[in-house]
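What follows draws every value from the coordinates through simple rules; no lab data is involved. All figures in this text were calculated on a predicted structure; none of them were measured in a lab. Because the Cβ atoms are built from the backbone with ideal geometry, glycine has one as well, and the counts that use them run over all protein chains shown.
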């Protein structure tokens with residue numbers, strides 16, 4: 001029995017988080033430790049995505065949200081941004097058939113209109129190909145920023161209710177607001193994971209993590225394998241979620 005099989009026995013399958021979100025951090029520092037260029041770290045990080053997606057799907061996780069590229073990441077060197085977009089395209093080309101055959105529904109969340117044309121074309125192809133799948137939902141957050149998402153949702157509600165009465169405006173519910181978010185149709189996040197030793201949320205799913213359990217790991221993302229993923233779930237299952245109660 002290998003270490004993954006052994007630790008898997010410690011997980012309560014009846015008490016899994018429905019929605020896991022991961023801030024995939026540490027690719028650059030991982031590459032630096034290996035005396036490699038940053039793009040090498042992103043390549044290894046992409047390989048880790050494949051492993052964690054397979055692991056989460058096999059485990060029965062309903063929604064997996066991965067923070068791939070933020071609205072602030074455009075500030076990085078042009079060649080690094082181009083490499084990340086290239087890896088997104090290659091990931092789709094290489095794994096979309098596997099995702100589809102495993103009934104995974106791929107969604108890409110963010111301001112997609114600002115993506116390079118080739119990236120946007122591949123993203124839309126992948127979304128369309130898997131839109132009717134009913135297994136795990138895989139959210140790739142690309143050109144995503146939570147403040148911008150919330151602001152956009154508010155603007156859409158304003159447009160919808162601009163000619164409504166005061167009574168109708170006051171009747172707006174959280175459910176209606178959530179339908180304007182990129183994550184509409186998904187449950188809120190149960191477990192937020194951040195590798196790399198950083199203790200920040202970084203403008204990721206701010207509304208959706210209101211009652212999430214937060215798990216921080218010193219392991220850099222390219223080394224965050226299935227074993228580390230299982231550990232995060234075991235830690236989640238040790239906690240007493242009170243949702244504001246006693």
(message) Please compute the modelled spin-label separation between residue 201 and residue 147, points set 7 Å along Cα→Cβ, answer in nm with one decimal.
(response) 1.3
(message) Connecting C-alpha atoms closer than 10 Å in a GNM of the chain, tell me which of 205, 115, 99 has the biggest fluctuation.
(response) 115
(message) Between region 108-157 and region 45-75, what is the separation of their alpha carbon centroids in Å?
(response) 14
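Could you work out the relative contact order of region 105-187? I mean the mean sequence separation of Cα pairs under 8 Å and 6+ apart, divided by the number of residues, in percent.
Normalised by residue count, the contact order of region 105-187 is 35 percent.
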(request) Show that you can apply the helix-only estimate: for the chain, add -39,500 (n - 2.57) for every DSSP H stretch of four or more residues, divide by all residues, and state [θ] at 222 nm to the nearest 500. (result) -14500 deg cm²/dmol
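In whole percent, what relative contact order does the chain give with Cα contacts below 8 Å and a gap of six or more residues?
Working: 365 pairs, mean separation 71.6, N = 246.
With pairs under 8 Å counted, the relative contact order is 29 percent.
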(request) With springs connecting C-alpha atoms under 10 Å apart, model the chain as a Gaussian network and identify which of 195, 17, 77 has the largest mean-square fluctuation. (result) 77
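As an exercise, find the ratio Rg/Rh for region 140-246 from alpha-carbon atoms, using the Kirkwood inverse-distance average for Rh.
So for region 140-246, dividing Rg by the Kirkwood Rh gives 1.07.
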(message) From Cα pairs below 8 angstrom and at least 6 apart in sequence, can you work out the relative contact order of region 74-134, rounded to a whole percent?
(response) 42
(request) Evaluate E = 1/(1 + (r/R0)^6) for residue 93 and residue 33, where r is the Cβ-Cβ distance and R0 equals 35 Å; express this FRET efficiency to the nearest 0.05. (result) 0.75
(message) Connecting C-alpha atoms closer than 10 Å in a GNM of the chain, tell me which of 174, 51, 82 has the biggest fluctuation.
(response) 174
(request) Go ahead and run the numbers for FRET between residue 129 and residue 167, Cβ-Cβ distance against an R0 of 41 Å, rounding to 0.05. (result) 0.40
